[in-house]
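Trainee: Questions regarding the structure given below will be posed in turn.
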Amino acid sequence: MRHRKAGRKLGMDSSARKAMFRNMVTSLMVHGRIKTTKQRAKELRRVADRVITVGKRAPSLTDLDGLSGDELQQAKADRVSAIRRMKLWVNNDTAIDKLMGEYADRFRTRPGGYTRVVKLSRRRAGDNAEMAIIELVEEMGAAE
């Protein structure tokens with residue numbers, strides 16, 4: 001029985017699944033959208049939203065400018081800690097920079113739900129799997 005065990009196995013062991021999600025989260029952060037199967041997209045959404053939340057809560061470089069003394073040291077330590085937590089899932093420095101800069105600013109006021117899964121048609125070649133695009137949502141006013 002799988003009571004209280006969240007998440008899909010996706011036909012692979014845990015280390016392969018973690019490696020796949022690391023690569024997918026990195027690609028999502030670099031490109032902004034990726035195409036994958038519907039089940040993988042739904043599971044990736046959980047990981048990506050957590051990573052964006054860590055980047056959003058970390059102090060930005062502009063926040064560090066106004067601080068001094070112990071407050072500055074604590075803010076720097078919090079920023080380094082956030083970067084290290086993100087590096088557990090994101091294995092590209094440009095993606096980390098985007099997370100700490102562009103995406104943190106974009107989602108600063110958004111309480112959650114940073115990704116969108118758009119269903120596509122089934123995959124023609126191969127296994128007829130349900131396909132989807134997972135993408136980062138735009139800010140409310142920026143979409144118009």
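The values are calculated or read from the model by the stated rules, or taken from the named source; none is laboratory data. Source: prediction; values computed, not measured. Cβ coordinates were reconstructed from backbone atoms using ideal geometry, including for glycine residues, and neighbour counts include every protein chain displayed. For accessibility, only protein heavy atoms count, side chains too; no ligands or nucleic acids. Shrake-Rupley method; radii C 1.70, N 1.55, O 1.52, S 1.80 Å.
Trainee: Suppose we filter region 58-103 for residues that are modelled with pLDDT of 90 or more, loosely packed, with under 13 Cβ neighbours inside 10 Å and of a type in the set (Ser, Thr, Tyr); how many remain?
Mentor: 2
Trainee: Can you tell me how many residues in region 79-98 are among the acidic types (Asp, Glu) and more than 15 Å from residue 56 (Cα to Cα)?
Mentor: In the first step, residues of region 79-98 are kept if they are among the acidic types (Asp, Glu); the result is 93, 97.
Add one more test, that the residue is more than 15 Å from residue 56 (Cα to Cα), and what stays is 93.
Of the residues in region 79-98, 1 are among the acidic types (Asp, Glu) and more than 15 Å from residue 56 (Cα to Cα).
Trainee: While we're looking at this one, here's another question. It is to be established whether one or more residues within region 121-135 are of a type outside the set (A, V, I, L, M), under 23 Å from residue 30 (Cβ atoms), touching a strand residue (DSSP E or B) at 6+ places or on another chain (Cβ under 8 Å) and touching a residue at least 12 places away in the same chain (Cβ under 8 Å). So that I can check it myself, show each step before the final result.
Mentor: Here is the first cut: in region 121-135, the residues of a type outside the set (A, V, I, L, M) are 121-124, 126-128, 130, 135.
After this cut, where a residue has to be under 23 Å from residue 30 (Cβ atoms) as well, the list is 135.
Filter once more, so that each one left must be touching a strand residue (DSSP E or B) at 6+ places or on another chain (Cβ under 8 Å): 135.
This time we only want the ones that are touching a residue at least 12 places away in the same chain (Cβ under 8 Å), so: 135.
Taking every residue of region 121-135 in turn, at least one turns out to be of a type outside the set (A, V, I, L, M), under 23 Å from residue 30 (Cβ atoms), touching a strand residue (DSSP E or B) at 6+ places or on another chain (Cβ under 8 Å) and touching a residue at least 12 places away in the same chain (Cβ under 8 Å).
Trainee: Follow-up question, since we're still on this one. When you scan region 31-41, how many residues do you find that are surrounded by fewer than 16 Cβ atoms within 10 Å (Cβ to Cβ) and in contact (Cβ under 8 Å) with a residue 24 or more places away in the chain?
Mentor: So in region 31-41, the residues surrounded by fewer than 16 Cβ atoms within 10 Å (Cβ to Cβ) come out as 31-33, 35, 39.
Adding the requirement that they be in contact (Cβ under 8 Å) with a residue 24 or more places away in the chain leaves 32-33, 35, 39.
Number of matching residues: 4.
Trainee: Can you tell me which condition residue 59 does not meet? The list is (1) touching a residue at least 12 places away in the same chain (Cβ under 8 Å); (2) within 18 Å of residue 115 (Cβ to Cβ), and all the others hold.
Mentor: (2)
Trainee: Consider residue 50 against the criteria (1) of a type outside the set (Phe, Trp, Tyr); (2) open to solvent by less than 80 Å² (accessible area, probe 1.4 Å); (3) within 11 Å of the chain's Cα centre (by Cα): it satisfies all of them except one. Which criterion is unmet?
Mentor: (2)
Trainee: While we're here: Go through region 72-89 and count every residue that is out of contact with any helix residue (DSSP H, G or I) (no Cβ under 9 Å at 6 or more places or on another chain) and closer than 14 Å to residue 52 by Cβ.
Mentor: The qualifying residues number 0.
Trainee: For region 62-80, which positions are without any contact (Cβ under 8 Å) to a residue 12 or more places away in the chain and either closer than 22 Å to residue 25 by Cβ or among the aliphatic types (A, V, I, L, M) (or both)? Step through it out loud before you land on a result.
Mentor: In the first step, residues of region 62-80 are kept if they are without any contact (Cβ under 8 Å) to a residue 12 or more places away in the chain; the result is 62, 65-74, 77, 80.
Matches in region 62-80: 67, 72, 77, 80.
Trainee: In region 104-131, which residues are open to solvent by 90 Å² or more (accessible area, probe 1.4 Å) and more than 16 Å from residue 35 (Cβ to Cβ)?
Mentor: 105, 108, 109, 111 - these are the residues of region 104-131 that are open to solvent by 90 Å² or more (accessible area, probe 1.4 Å) and more than 16 Å from residue 35 (Cβ to Cβ).
Trainee: Inspect region 56-74 for any residue being part of a helix (DSSP H, G or I) and either small (Gly, Ala, Ser) or under 30 Å from residue 127 (Cα atoms) (or both) and give the result as yes or no. Give the derivation first.
Mentor: Residues of region 56-74 that are part of a helix (DSSP H, G or I), as a first pass: 56-57, 61-65, 70-74.
After this cut, where a residue has to be either small (Gly, Ala, Ser) or under 30 Å from residue 127 (Cα atoms) (or both) as well, the list is none.
Among the residues of region 56-74, not one is part of a helix (DSSP H, G or I) and either small (Gly, Ala, Ser) or under 30 Å from residue 127 (Cα atoms) (or both), which makes the answer no.
Trainee: Turning to a different aspect of this structure: Taking into account only those residues within region 5-30 that are assigned to a loop (DSSP other than H, G, I, E, B) and among the aliphatic types (A, V, I, L, M), which is surrounded by the most Cβ atoms within 10 Å (Cβ to Cβ)?
Mentor: Result: 10.
Trainee: Now for a different question. Name every residue in region 35-55 that is of a type in the set (Ser, Thr, Tyr) and either on the phi > 0 side of the Ramachandran plot or not in a helix (DSSP H, G or I) (or both), in order of residue number. Step through it out loud before you land on a result.
Mentor: Step one: list which residues in region 35-55 are of a type in the set (Ser, Thr, Tyr), which gives 36-37, 53.
Across region 35-55, the qualifying residues are 36, 37.
Trainee: Only one of (1) loosely packed, with under 11 Cβ neighbours inside 10 Å; (2) at pLDDT below 90 is not met by residue 138, so which one is it?
Mentor: (1)
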